[in-house]
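Comments concern the structure below.
The values are calculated or read from the model by the stated rules, or taken from the named source; none is laboratory data. Fair warning: this is a prediction, and the values are worked out from it, not measured in the lab. With ideal geometry, Cβ positions are generated from the backbone for all residues, glycine too; neighbour counts draw on all protein chains shown.
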């Protein structure tokens, strides 16, 4: 009898511990993410995650499939507010050696919304630069993110041994060896145009219920650690294809009407998710030559941009 009572008591205490841990974890998720929410739909699409998946993909088609994979936790958008996550289609709007890979959501039979665009530019035979730009309708402003590396530069020497001061800078990296970049610049490549549209989606597409914001944030930054090697900037590097895309940008009136009063009112500190800070820049253009009127250590100027709907 005593053994039975002890066993029951043990299971009760174990159940209480599990419940308490679950409550603590949920509370921790909310605490870690709450201050970072903007209330705009861009909260539900990870630009960092989309760029990281592009880095790993071997084709644009595969990248589109991964964007719509629930286990990747990049897409949590529900722009038509039906309670389920929206499908994101990808279209390559090429311009010479430059590419604008547009992420777009069909939100009804008559409306679509761009959410982001990856802009890719070939600098020379073995060099390319890339940025992902989140649409202003979703992020309140054009949100420009790029892969980067840190480097130190000595800026002042003080008399005495080992008393030298250094300043840390960020520099955009060459993405030429990324598998998907190699795929796009093959001679036989045909610009990818997703064949999917409203209510006509691939067999693998299984919509899921939208997660609450704090859970989506936790998946992106605590489970997948998206954004570790990316940087927020204000400088648009692929100017020609950026202008080309802007002329074709698609936005839905219903989204604009729903969120326009919030745009520009509440922005994230130090970038869009707390991991990004504004870059100091290295005073050079992407081709490595000094910028006119600028030297090392100066902030890059020029306005970054994003357009349309697609995802966050």
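Observations on the model:
- The helices (runs of 4 or more DSSP H) falling completely within the range 207-312 that include 1 or more residues that are farther than 24 Å from residue 105 by Cα and at pLDDT 50 or above map to 239-246.
- Here the condition is being touching a helix residue (DSSP H, G or I) at 6+ places or on another chain (Cβ under 7 Å), without any contact (Cβ under 8 Å) to a residue 60 or more places away in the chain and closer than 22 Å to residue 172 by Cα; of 100, 128, it holds for 128 alone.
- Residue within the range 57-72 that is crowded, with 19+ Cβ neighbours inside 10 Å and at pLDDT below 50 present: no
- Odd one out for residue 138 among (1) out of contact with any helix residue (DSSP H, G or I) (no Cβ under 9 Å at 6 or more places or on another chain); (2) surrounded by 24 or more Cβ atoms within 10 Å (Cβ to Cβ): (1)
- Restricting attention to the range 56-72, the residues that are more than 12 Å from residue 180 (Cα to Cα) and either touching a helix residue (DSSP H, G or I) at 6+ places or on another chain (Cβ under 7 Å) or in a loop (DSSP other than H, G, I, E, B) (or both) add up to 5.
- Residue count, the range 147-187 (criterion: out of contact with any helix residue (DSSP H, G or I) (no Cβ under 8 Å at 6 or more places or on another chain), at pLDDT below 95, surrounded by 13 or more Cβ atoms within 10 Å (Cβ to Cβ) and within 26 Å of residue 42 (Cα to Cα)): 5
- Hits in the range 181-200 (condition: out of contact with any strand residue (DSSP E or B) (no Cβ under 9 Å at 6 or more places or on another chain) and in contact (Cβ under 8 Å) with a residue 40 or more places away in the chain): 183
- Verdict on residue 86 being touching a strand residue (DSSP E or B) at 6+ places or on another chain (Cβ under 6 Å), within 16 Å of residue 196 (Cβ to Cβ) and surrounded by fewer than 23 Cβ atoms within 10 Å (Cβ to Cβ): no
- Of everything listed in (1) buried (at least 17 other Cβ atoms within 10 Å of the Cβ); (2) in contact with a helix residue (DSSP H, G or I) (Cβ under 8 Å, 6 or more places away or on another chain), the single unmet condition for residue 208 is (1).
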